[in-house]
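A.B. asks: Quick one: the structure is below, and I'll ask about it shortly.
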Amino acid sequence: AGRFAGIARSMTERGHDPQKVAHFLIQCLFCMFAEDIGLLPKKLFERVIAKRQGEPAKLAVSMAELFQAMRTGGDFLLEDIAYFNGGLFEHVEVLELVPVEIEALLAASRMDWSAIEPSILGTLFERGLDPKIRAPLGANYTDPGTIMKLVRPVVVEPLEREWEAAKARIAPLVEKYHAGGKGSQKAGQEAQALFLGYLERLKNFRVLDPACGSGNFLYLALRALKDLEHRANLDAEALGLHRQLTIETSPDNVRGIEINAYAAELARVTVWIGEIQWMLKHGYDCRRNPILARLDHIENRDALLNEDGSEAEWPAVEAIVGNPPFVGNKKMLGELGAEYTTKLRALFAGRLPGGVDLVTYWFERSRAHIAAGQCRRAGLVATQS
């Protein structure tokens, strides 16, 4: 994390646009992960950096060629490169590195990224790319155990209860099917339909984080849904049903809204890496052509106000989870600007008192979303005040 923050800081101090630096380094990070998990040829990215270490201009050309190959699938240095894209390699603009940055990138590429915990990715970038963040590295990191305190009751436990209820109905039907005789065939079909209905429920379950940062809540919610589907498959098999050979839950299950462009991109990568790791760890092949599904539903925009001052839309979902921004009501004018703060307070007048912390607006929006039938449950982190 320190190395990546150092490279990012060095590049921005040399005058590169932080947004371009973020995009480029996120592409580099994904390549390191891809080569270590076997989606790119072994040590390919590391070999490219090592070979061109003393020639920054040639290194930039080689990296651009690799990214272009990942965008469409194709050849690079006589190696077959899979089709990745998903938006991550849509835009290729390799920034030329200086020797000290190349050295740090090479050292990072020599580490094993295959088992990286995706929820630390935000920590890799927050200090190097956001000059406002002077906190120690990882100060904003929310550990998975803490996140699951919200994801479990809001997402996991209701779905576990649904599966327990479905199993209670499936068991006697399977017994009847195995006993044979009149109606046994119908009982077997009904049991299989109950199981497939639950899988369909999981596939269509949508979770929104309306202030998603680098995507930790989304990644852990998706992992939890995949765990539920996997467990249902194993249970169904144990009951004597035909299990599914594929996993249907996917990055399409999660929705995000994030005002910071590089955090939104990082959230997509966090979800992609988490998805790939889970699939391979549980013995399933990850998706192909492209390997990365488009994640345009992790949106880069304001979650509260539209540009014209009207209230921002949220997608219809089953559950809302997240850790919205903490800004005390007295600091809002300084941090958000007088114009924005005035517009926000005016829009929510009658629904919220003027002097509430910023985080409270997410609670009110979530409440209104549930009241409108656009969501079932919400769980958010709040300030003490």
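The values are calculated or read from the model by the stated rules, or taken from the named source; none is laboratory data. Not measured: the values here are computed from a predicted model. Neighbour counts are summed over all protein chains in view; Cβ atoms, including those assigned to glycine, are modelled from backbone coordinates with ideal geometry. All accessible areas refer to the heavy atoms of the entire protein, side chains included, with ligands and DNA or RNA removed. Shrake-Rupley method; radii C 1.70, N 1.55, O 1.52, S 1.80 Å.
A.B. asks: Kindly report, to the nearest 10 Å², the accessible surface of LEU347 as traced by a 1.4 Å probe over protein heavy atoms only.
C.D. replies: Answer for LEU347: close to 50 Å² accessible.
A.B. asks: Based on Cα positions only, what radius of gyration and what Dmax would you give for the range 248-363, in angstroms?
C.D. replies: Considering the range 248-363 through its Cα atoms, Rg and Dmax are 17.8, 53 Å.
A.B. asks: Further question on the same structure: Put one equal scatterer on each alpha carbon of the chain, apply the Debye formula with no solvent term, and list log10 I(q)/I(0) at q = 0.07, 0.08, 0.13 1/Å to two decimals.
C.D. replies: Values, matching the q order: -0.38, -0.49, -1.10.
A.B. asks: Tally the DSSP beta bridges in the chain and give the antiparallel ones as a percent, rounded to 5. Please list the in-between numbers first.
C.D. replies: On the way: 4 of 17 bridges.
For the chain, the DSSP antiparallel bridge percentage is about 25.
A.B. asks: Starting from the residue with the highest accessible area, list THR341, THR146 in decreasing order, probe 1.4 Å. Display every interim value, and only then the final one.
C.D. replies: Values: THR341 0, THR146 60 Å².
The residues order as THR146, THR341, largest area first.
A.B. asks: Given the options VAL207, VAL359, VAL254, state which has the largest fluctuation in a GNM of the chain using a 10 Å cut-off (strictly under) for Cα springs.
C.D. replies: Per the Cα network of the chain with a 10 Å cutoff, VAL359 tops the list.
A.B. asks: Still on this structure: Quick one: putting +1 on the C-beta of Lys and Arg, -1 on the C-beta of Asp and Glu, what dipole do you get for the chain around its Cα centre, in Debye to the nearest 20?
C.D. replies: On the way: 46 positive and 50 negative charges, 173 e Å.
So the magnitude is around 840 debye.
A.B. asks: Please compute P(r) over all alpha-carbon pairs of the range 157-244, binned at 10 Å starting from zero, and give each bin as a whole-number percent.
C.D. replies: Values per bin, smallest distances first: 16, 42, 24, 12, 5, 1.
A.B. asks: Here's another thing I want to ask about it. Using protein chains only and a probe of 1.4 angstrom, how many square angstrom of LYS51 are accessible, to the nearest 10?
C.D. replies: 150
A.B. asks: May I pose another question? May I ask you to list the residues of the range 84-113 whose amide nitrogen lies under 20 Å from a point 7 Å from Cα along the Cα→beta-carbon direction of ARG9?
C.D. replies: Backbone N within reach: 97-109.
A.B. asks: From the mean inverse distance of alpha carbon pairs (Kirkwood) and the Cα radius of gyration, derive Rg over Rh for the range 305-385.
C.D. replies: Using only Cα positions, Rg/Rh for the range 305-385 is 0.96.
A.B. asks: Taking 0.36 nm per intervening residue step and subtracting the Cα-Cα distance, what contour gain separates THR142 from ALA193 on full extension? Working shown, then result.
C.D. replies: Numbers: separation 51, 0.36 × 51 = 18.36 nm, distance 3.94 nm.
Working it through step by step, the gained length comes to 14.4 nm.
A.B. asks: Continuing with the same structure: Once fully extended, how much extra length lies between THR342 and LYS20, figured as 0.36 nm per residue of separation less the alpha-carbon to alpha-carbon distance?
C.D. replies: On the way: separation 322, 0.36 × 322 = 115.92 nm, distance 3.23 nm.
Going from the current span to full extension adds 112.7 nm.
A.B. asks: Nearest 500 deg cm²/dmol is fine: what mean residue ellipticity at 222 nm does the chain get from its DSSP H runs of n ≥ 4 alone, each adding -39,500 (n - 2.57), divided by its residue count?
C.D. replies: On the way: 14 runs with 201 residues, N = 385.
For the chain, the value works out to -17000 deg cm²/dmol.
A.B. asks: Below 14 angstrom from the Cβ of ALA232, what's the summed charge of the other residues (Lys, Arg +1; Asp, Glu -1)? Mind dumping the intermediate values first?
C.D. replies: Numbers: positive: ARG161, LYS167, ARG169, ARG201, LYS203, LYS226, ARG231, ARG243; negative: GLU160, GLU162, GLU164, GLU200, ASP227, GLU229, ASP235, GLU237, GLU248.
That works out to -1.
A.B. asks: In terms of solvent-accessible area of protein heavy atoms at a 1.4 angstrom probe, what is the ranking of ASP80, ASP143, highest value first? The partial results should precede the final answer.
C.D. replies: On the way: ASP80 120, ASP143 65 Å².
In descending accessible area the options line up as ASP80, ASP143.
A.B. asks: Principal axis extents for the range 1-130, Cα atoms only, whole Å, descending order, please.
C.D. replies: Extents along the principal axes: 36, 33, 26 Å.
A.B. asks: In addition: Which pairs break 30 Å Cα to Cα here: LYS20/LYS330; LYS42/LYS149; LYS42/LYS281; LYS42/LYS203; LYS149/LYS203?
C.D. replies: On the way: LYS20/LYS330 34 Å; LYS42/LYS149 38 Å; LYS42/LYS281 19 Å; LYS42/LYS203 33 Å; LYS149/LYS203 23 Å.
LYS20/LYS330; LYS42/LYS149; LYS42/LYS203, as the Cα separations exceed 30 Å there.
A.B. asks: Shifting gears a bit: Could you look at the chain and say what percent of its accessible area is carbon and sulfur, using a 1.4 Å probe and all protein chains?
C.D. replies: Working: 9110 of 17540 Å².
Roughly 52 percent of what the probe reaches on the chain is carbon or sulfur.
A.B. asks: How much accessible area per residue does the chain have, counting only protein heavy atoms and a probe of 1.4 Å, in square angstrom? Present the calculation step by step, with values, prior to reporting the outcome.
C.D. replies: Numbers: 17540 Å² over 385 residues.
Each residue of the chain exposes 46 Å² on average to a 1.4 Å probe.
A.B. asks: Say a site is exposed when it is one of the GluC sites (Glu not before Pro), sits in a DSSP loop, and has at most 13 other Cβ atoms within 10 Å; what is then the longest site-free stretch of the chain?
C.D. replies: Details: sites that count: GLU90, GLU93, GLU307, GLU313.
With GluC sites (Glu not before Pro) excluded where exposed in loops, the chain gives 94-306 as its longest stretch.
A.B. asks: If I ignore ligands, DNA and RNA and count only protein heavy atoms, how much of VAL98 is accessible to a 1.4 Å probe, in Å² to the nearest 10?
C.D. replies: Only protein atoms counted, so the area is about 40 Å².
A.B. asks: Label-point separation (nm) for ALA349 and SER385, each offset 7 Å from Cα along Cα-to-Cβ?
C.D. replies: Here the modelled spin labels are 2.3 nm apart.
A.B. asks: Take the alpha carbon atoms of the range 151-302, find their radius of gyration, then divide it by 2.2 N^0.38 Å using N residues; give the quotient. Mind dumping the intermediate values first?
C.D. replies: On the way: Rg = 18.0 Å, N = 152, 2.2 N^0.38 = 14.8 Å.
Working it through for the range 151-302, the quotient is 1.21.
A.B. asks: A further question on this structure: Which value, in Å³ per residue, describes the convex hull spanned by the Cα atoms of the range 15-86? Can you show the working numbers first?
C.D. replies: Numbers: hull volume 6.5 nm³, N = 72.
Here the figure is 90 Å³ per residue.
A.B. asks: Let me ask something else about it. Say the dipole of the range 238-385 comes from +1 at the beta carbon of Lys and Arg and -1 at that of Asp and Glu; which of GLN384, ASN323, ASN306 then lies farthest toward its positive end?
C.D. replies: Towards the positive end, the residue furthest out is GLN384.
A.B. asks: Something else about it: Given the convex hull of the Cα atoms of the range 60-119, what is a quarter of its surface area in nm²?
C.D. replies: Numbers: hull surface 21.2 nm².
Averaging across all directions leaves 5.3 nm² for the Cα convex hull.
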